[in-house]
Every structure is written in structure tokens, then in C-alpha cells.
Amino acid sequence: MLGIGLKVASVCVFVCMSSLLKASDGIPAGQLVFFRSFFAIFPVIAFIAWQGQMSVAFKTSEPFSHFWRGFVGVSAMSLSFYGLTKLPLPESIAISYATPLLTVVCSAIFLRETVRLYRWSAVCFGLVGVLIILWPRMSFFTGATEFGGGEAIGALATLGGAGLAAVAMLLVRKLVQTERTPTIVVYFSIASSLIALVSFPFGWVWPTGLQATYLIMAGIAGGVAQILLTESYRHADMSTIAPFEYTSMLLGITIGYLLFGDIPTAEMITGAVIVISAGIFIIYREHRLGLARARARKASTPQG
């Protein structure tokens, strides 16, 4: 129950972070990434110090792996944050649910993992849901002469961000084999902050006092949410708490309506239900496969 509670808390804080970024209207995506990453460092460092792990947090044997994880993460955040500035909040959240589906695809392509018919079927079913969400934004599907403007590009950017987030997950899978969790978190924040600075010559703006407040609060919220998420995995299996990621849809719809006047469309709700159903099925299959592998290892272990 503690693990589930921490997971739900992390989801709520992440949605609040997205809401603060969306409220910072007029700030370029690269600048959003910088504030999100840089100010996340402070709660992360404070938490590591509180745990007494400062002496080991910066020790790493994989500096280039941390850089590539940061580069892919910044690219994913840039696309996702750009989409956030162009789309209603719940719609942006719904499209981001494609990440676990695309993680399965990337695992099969890059890691040569065996993906059988059940999971491929769930992936295809879930991607149909993503297409339903995207459909109203893609005016060329409906016979219009124009592409659909900023909303269409924002929707595709969000989907691209979900794809890169899936690649980032694979990089983290490799890092956790040799690196401590605090090391991965702190180096990601540092690397993504530095990489985001590359976007400075491409149109950063001087934020107003209110925008700066939102941006700083969003960065701190991102760091706190990351801590809550990491801690949740210490108290419960991933397969147990992963479905609670989808509580962000309810919160996103509520905040989107109250703060931004976003009213969810029938296509968005239908597509989100399909994507969530596919995601939960994949989580269930991963859990079953994990139990089967554990039984196989136990059976092959010589009994003393």
C-alpha cells in the first residue's frame, strides 16, 4: 500500500508539473526543459544527502551512457513539452500513454527480446487507440487541404516524445545493471540541464515574474515526483504499481477543465480507454512472464 501511495503521489506531482509548464505560456520548449531539469537537481540532491548517499551518488563507471540517456531524455522532453504547449492537457497525457507500447516495440528491435502474439496484439490495439486520439488533429485525414496547424504538429511531437521516452527506458534498463539509482537520477538532471542550454541561441525569452515562478516550481515538482516514483519501486513490484500511472488521466481532465477550459472530446476518451487497456494488458503479461521465469530459475537451481 505504501508503494501504491507513493506511485499515485508521484503521478499527481508530475501532472502538477505539466500544468505549471503549460501555464508558462510563451516559453520555448528548450527553455522549459532547462528549468524542469535544473531546478529538479535541488530536491534530488537534498534527498540523497538526507539518505547519506552523497559519497557514492556521483561515482560512475558509465559517463557516456549517462550522457546518451540525458541526450535522449532531453529530446523526448523537448518534443513532449512542445506538444504540451499546443494541445489540451488531457490529450497530451493520453498520447504519452503510447510509451509502454513503444517500449515493447523497441525491446524487440534493439534488445532482441522475444515478444509473442499476445503482446504484439496489445501493442497494435493500443496504437489504434493512439490513432483515434490523433485523428481529429490530422486534418489531411479528413480531407482538408491544410495539415492542421500547430495542434497537428503538437500531436505528432507528443507521439515522437513518447517514442524517445521508450528508448530512454531501454537506456535506463542497461544503466541499472551497473549504476545506483541516485547516480542515475542526479546525472540525468545534470546532463539534461547542460544539453538543454544548447537551445539558448534559438529563441529563449526573458520570463515574467509569474512565468519564472511557474518554471521554478515545475522543476522542483519534477525532482520531487522523481523521488516519489523511485521510492515507490522500493515498496512494491513494478507490475503492481504501474497501472496506477493511468490515474493521471482523471487528474489531467480535472485540471485541464478547471484551469485551462479543456473539454475532453469523445475521440480522446475512446482512444485513451483503448490505450490504457492495452497498457494494463502488457503489464499483466510482463508480470506473468516474470513469474514464469522465476519458477524456471528456481526449478533449475540445484537443491542442496
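The values are calculated or read from the model by the stated rules, or taken from the named source; none is laboratory data. Owing to the predicted nature of the structure, the values given are computational and were not obtained by experimental measurement. Methodologically, a virtual Cβ is constructed for each residue, glycine included, from the backbone with ideal geometry; neighbour enumeration extends over all protein chains shown. Side chains are part of the model used for accessible areas, which takes the heavy atoms of the whole protein and leaves out ligands, DNA and RNA. Shrake-Rupley method; radii C 1.70, N 1.55, O 1.52, S 1.80 Å.
Given the conditions (1) buried (at least 16 other Cβ atoms within 10 Å of the Cβ); (2) within 25 Å of Ile45 (Cα to Cα), report the number of the one that Phe244 does not fulfil. The one condition Phe244 does not meet is (2).
Scanning the range 247-291 for residues that are closer than 17 Å to Val11 by Cα and open to solvent by 30 Å² or more (accessible area, probe 1.4 Å) yields Thr247, Leu250, Leu251, Ile253, Thr254, Ile276, Ile280. Does at least one position in the range 68-90 carry a residue that is without any contact (Cβ under 8 Å) to a residue 12 or more places away in the chain, in contact with a Ser or Thr (Cβ under 9 Å, 6 or more places away or on another chain) and of a type in the set (A, V, I, L, M)? There is no residue in the range 68-90 that is without any contact (Cβ under 8 Å) to a residue 12 or more places away in the chain, in contact with a Ser or Thr (Cβ under 9 Å, 6 or more places away or on another chain) and of a type in the set (A, V, I, L, M).
Checked against (1) buried (at least 24 other Cβ atoms within 10 Å of the Cβ); (2) at pLDDT below 90; (3) among the small types (Gly, Ala, Ser), Ser55 passes all but condition (1). Checked against the criteria, Leu229 does not count as touching a Ser or Thr at 6+ places or on another chain (Cβ under 7 Å) and open to solvent by 40 Å² or more (accessible area, probe 1.4 Å).
Restricting the range 202-213 to residues that are at pLDDT 90 or above and assigned to a helix (DSSP H, G or I) leaves a set whose member that is surrounded by the most Cβ atoms within 10 Å (Cβ to Cβ) is Gln211.
The numbered conditions (1) assigned to a helix (DSSP H, G or I); (2) without any contact (Cβ under 8 Å) to a residue 24 or more places away in the chain are all true for Ile216 except (2).
Can you work out which of the residues in the range 77-90 that are open to solvent by less than 10 Å² (accessible area, probe 1.4 Å) and either charged (D, E, K, R) or out of contact with any Lys or Arg (no Cβ under 7 Å at 6 or more places or on another chain) (or both) is nearest to Leu164 (Cα to Cα)? Applying the filter and picking the extreme gives Gly83.
If we keep just the residues of the range 126-142 that are assigned to a loop (DSSP other than H, G, I, E, B) and open to solvent by less than 70 Å² (accessible area, probe 1.4 Å), which is modelled with the highest pLDDT?
Of the range 126-142, the ones assigned to a loop (DSSP other than H, G, I, E, B) are 138-142.
The next check asks that each one be open to solvent by less than 70 Å² (accessible area, probe 1.4 Å); those that pass are 138-139.
On the way: Met138: 68, Ser139: 56.
Taking the candidates together, the pick is Met138.
Taking the listed residues Ser277, Ser300, the one that is at pLDDT 90 or above and farther than 30 Å from Phe35 by Cβ is Ser277, with no other qualifying. Restricting the first member to the range 1-22 and to residues that are free of Cβ contacts under 8 Å to residues at least 12 places away in the same chain and over 12 Å from Leu228 (Cβ atoms), and the second to residues that are in a helix (DSSP H, G or I) and open to solvent by less than 40 Å² (accessible area, probe 1.4 Å), no beta-carbon pair is closer than 6 Å while six or more apart or on different chains. Number of residues in the range 152-180 that are surrounded by fewer than 17 Cβ atoms within 10 Å (Cβ to Cβ) and not hydrophobic (A, V, I, L, M, F, W, C) equals 5.
Could you go through the range 115-125 and let me know if any residue there is open to solvent by less than 30 Å² (accessible area, probe 1.4 Å), β-branched (Val, Ile, Thr) and within 17 Å of Ala165 (Cβ to Cβ).
Yes.
Applying a threshold of 6 Å to beta carbon distances and a minimum spacing of six or more residues, or different chains, the list of pairs starting in the range 186-211 at a residue that is of a type in the set (A, V, I, L, M) and ending at one that is in a helix (DSSP H, G or I) and surrounded by fewer than 18 Cβ atoms within 10 Å (Cβ to Cβ) reads Ala191/Phe67; Ile195/Phe71.
Answer yes or no as to whether Gly26 is open to solvent by 30 Å² or more (accessible area, probe 1.4 Å), over 30 Å from Ala122 (Cα atoms) and among the small types (Gly, Ala, Ser). In short, yes.
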